[in-house]
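The values are calculated or read from the model by the stated rules, or taken from the named source; none is laboratory data. Small disclaimer: the values here were computed from a predicted structure and weren't measured. Counting neighbours? That spans all protein chains shown, and the Cβs are built from the backbone with ideal geometry, glycine included.
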Amino acid sequence: MASATIDTSALRHNLRQVRARAQGSRVMAVVKANAYGHGLVPVARALARADAFAVARVEEGLALRRAGIEQPIVLLEGVFDAEQREAAAAFRFDLVVHTAEQIELLRAAAPASFKVWLKIDTGMNRLGFDPADVVAARAALAALAGVRGPVHSFTHLAGADEPAHGATAAQLACFDAATRGLPGERSLANSAALLNVPTALADWVRPGLLLYGASPLRGAVGADHGLRPAMTLRSQVIAVKRIAPGARVGYGGAWVASRPTTLAIAAIGYGDGYPRSVSGDAAVLLRGRRLPLAGRVSMDMLAIDATDLDPAVRVGESVVLWGPELPVETVAAAAGAIPYELLCGISQRVAVEGR
Ligand SMILES: Cc1ncc(COP(=O)(O)O)c(C=O)c1O
């Protein structure tokens with residue numbers, strides 16, 4: 001019943017907006033986690049003008065190749081065993097290499113199998129080589145027959161979404177010092193850096209969220225950056241109820257009617273990926289009008305206070321949970337979450353359809 005409609009023209013629009021901001025840098029479209037819930041293969045097809053795609057898992061790359069996607073595909077975390085290495089070689093994936101173990105694994109790769117991005121940990125302390133080890137790691141990689149062309153340089157910024165975050169300048173300086181004068185391409189910028197850190201654009205930018213039309217910046221929405229939300233999440237009213245003042249609604253009876261109330265029960269809940277943690281000020285759209293939720297979100301349903309709708313709400317009416325008229329960023333804020341979580345959190349039960 002719940003469905004997510006993906007506006008493929010919005011995806012293409014957002015890619016054009018990203019290109020305009022990228023100032024000539026090539027665009028590696030990040031489509032991991034089922035393209036942030038939007039559908040991996042349909043999104044890659046819609047973004048056919050991207051210069052490359054980036055995924056987190058080998059299986060995601062395989063799904064793209066099997067669907068006939070021909071652009072370079074970068075495995076953001078690389079490969080972890082011989083089977084993955086062989087699959088990556090057979091399907092022409094580019095690799096991020098971030099550990100000494102991964103360099104060892106590449107010793108057995110067939111000649112010229114891989115374009116390699118060496119990931120440098122410039123301060124996020126998640127993945128990557130210590131800057132002091134970059135020269136040795138590059139030399140080790142350059143000596144391997146399995147590595148094709150120069151070794152390329154890659155890092156990830158921890159705080160680009162906060163313009164005043166001191167870490168960004170330190171990370172940029174660290175990356176610059178670790179890679180100065182070295183051959184190969186460079187890539188640092190995620191969506192937030194595309195918006196906030198023009199000095200990080202380098203050879204390749206790696207946007208995810210912006211392509212889907214949402215903003216990584218707190219308090220902002222995609223439209224503020226000229227973007228169009230690609231996903232509309234919808235469901236239907238499956239029951240209408242009239243309750244008296246004082247009646248309690250939902251688990252724990254946490255919501256109490258303060259007036260004669262008309263409830264619309266919509267068939268969507270946390271089992272579909274709508275966040276249970278939304279606070280009282282969360283809203284949905286019914287007939288284009290923002291209406292508040294009543295009580296806790298259940299697994300399969302939620303209740304809407306539809307008292308003010310005239311004519312009265314009816315079974316079968318469509319409810320929008322987020323979309324261009326109700327930004328996912330707003331829903332995420334009401335849930336104490338970030339838009340990434342909500343988009344990626346769409347469950348298997350939700351039919352994702354392009355248009
Ligand atoms: C290494 C790397 N680059 C780029 C991105 C894209 O991030 P965003 O969606 O914020 O643009 C991600 C996503 O988490 C990532 O892990």
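Quick rundown of the values:
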item	result
The lone exception for Glu59 - which of (1) at negative phi; (2) crowded, with 23+ Cβ neighbours inside 10 Å it fails	(2)
Residue among Gly246, Gly222, Gly226, Gly288 that is touching a residue at least 12 places away in the same chain (Cβ under 8 Å) and assigned by TED's automatic domain parsing to the domain that holds Ser347	Gly288
Candidate set from the stretch 158-199 (those that are away from the ligand (no atom under 15 Å from the Cβ) and of a type in the set (Val, Ile, Thr)); member that is farthest from Val31 (Cα to Cα)	Thr179
Considering residues of the stretch 200-236 that are away from the ligand (no atom under 13 Å from the Cβ) and not in a loop (DSSP other than H, G, I, E, B) only, the residue nearest to the chain's Cα centre (by Cα)	Met231
Within the stretch 13-36, considering residues that are within 12 Å of the ligand (Cβ to nearest atom) and in a strand (DSSP E or B), the one farthest from the chain's Cα centre (by Cα)	Val27
Index of the failed condition, Ala139 passing every other in (1) loosely packed, with under 14 Cβ neighbours inside 10 Å; (2) within 16 Å of the ligand (Cβ to nearest atom)	(2)
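This table checks each residue for (1) in contact (Cβ under 8 Å) with a residue 60 or more places away in the chain; (2) of a type in the set (Phe, Trp, Tyr); (3) surrounded by 17 or more Cβ atoms within 10 Å (Cβ to Cβ).
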| site | (1), (2), (3) |
| --- | --- |
| His156 | no, no, yes |
| Ala160 | no, no, yes |
| Phe175 | no, yes, yes |
| Thr179 | no, no, yes |
| Arg186 | no, no, yes |
| Trp204 | yes, yes, yes |
| Gly208 | yes, no, yes |
